[in-house]
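Presented below is the structure to which this report refers.
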Amino acid sequence: AMNAYAVQALRPEDLVPQLAVDAVVRLADLDAEFFAGLERFEPCGAGNPTPLLAVCGVRVRGVPRVVGHKHLKFTVTDGETEIDAIWFRAGSVTLPAGPLDIAFAAELNDFRGEPMPQLRVRDVRPAA
């Protein structure tokens, strides 16, 4: 009976998973002051999830590459700011062409002793 009701009541768009984004930011916003404020949300975990952010209308610079065990690494730009992004377990994903909207968790990646902003990608779609 439940399956019969679901067939009648649900539309295809009702079955598409959705992410609840906490805030839309610009790449330039991801500076030292931003990360200092983000630390105030710690500790994140069960009952206090890591904030999920989004940037809209960014483009991939260069060629995405697979690193480690099937992780997709790429750089995004809004024309002024560039930031690296990593999408775990997405090595087989082909990014859409053109501008993108990206849902991510912001993190600092320690690169050669220098903390650099990085997007830990949760999902990508063509820019709305």
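The values are calculated or read from the model by the stated rules, or taken from the named source; none is laboratory data. Note that the coordinates shown come from a computational prediction; the quantities given were computed from them, not determined experimentally. Glycine gets a Cβ as well: all are built from the backbone with ideal geometry, and neighbour counts include every protein chain shown. Side chains are part of the model used for accessible areas, which takes the heavy atoms of the whole protein and leaves out ligands, DNA and RNA. Shrake-Rupley method; radii C 1.70, N 1.55, O 1.52, S 1.80 Å.
One table, with the values for the structure above:
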{"item": "Positions within the range 1-23 being closer than 22 Å to I83 by Cα and open to solvent by 100 Å² or more (accessible area, probe 1.4 Å), in sequence order", "result": "D22"}
{"item": "Residues (over 19 Å from D29 (Cα atoms) and open to solvent by 70 Å² or more (accessible area, probe 1.4 Å)) located in the range 111-121", "result": "F111, R112"}
{"item": "Per-region count, the range 70-106, residues among the β-branched types (V, I, T), surrounded by fewer than 18 Cβ atoms within 10 Å (Cβ to Cβ) and either within 20 Å of A28 (Cα to Cα) or modelled with pLDDT of 95 or more (or both)", "result": "3"}
{"item": "Residue count for the range 24-53, restricted to those that are loosely packed, with under 10 Cβ neighbours inside 10 Å and within 15 Å of I102 (Cβ to Cβ)", "result": "0"}
{"item": "Subset of the range 96-120 [more than 23 Å from D22 (Cβ to Cβ) and hydrophobic (A, V, I, L, M, F, W, C)]", "result": "A97, F111"}
{"item": "Unmet criterion (only one of (1) outside any loop (DSSP other than H, G, I, E, B); (2) among the aliphatic types (A, V, I, L, M); (3) surrounded by fewer than 12 Cβ atoms within 10 Å (Cβ to Cβ)) for A128", "result": "(1)"}
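The rows are residues; the columns are (1) farther than 21 Å from A127 by Cβ; (2) charged (D, E, K, R); (3) within 12 Å of the chain's Cα centre (by Cα).
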{"site": "M2", "(1), (2), (3)": "yes, no, no"}
{"site": "A9", "(1), (2), (3)": "yes, no, no"}
{"site": "A36", "(1), (2), (3)": "yes, no, no"}
{"site": "G47", "(1), (2), (3)": "yes, no, no"}
{"site": "C56", "(1), (2), (3)": "no, no, yes"}
{"site": "P64", "(1), (2), (3)": "no, no, no"}
{"site": "S92", "(1), (2), (3)": "yes, no, no"}
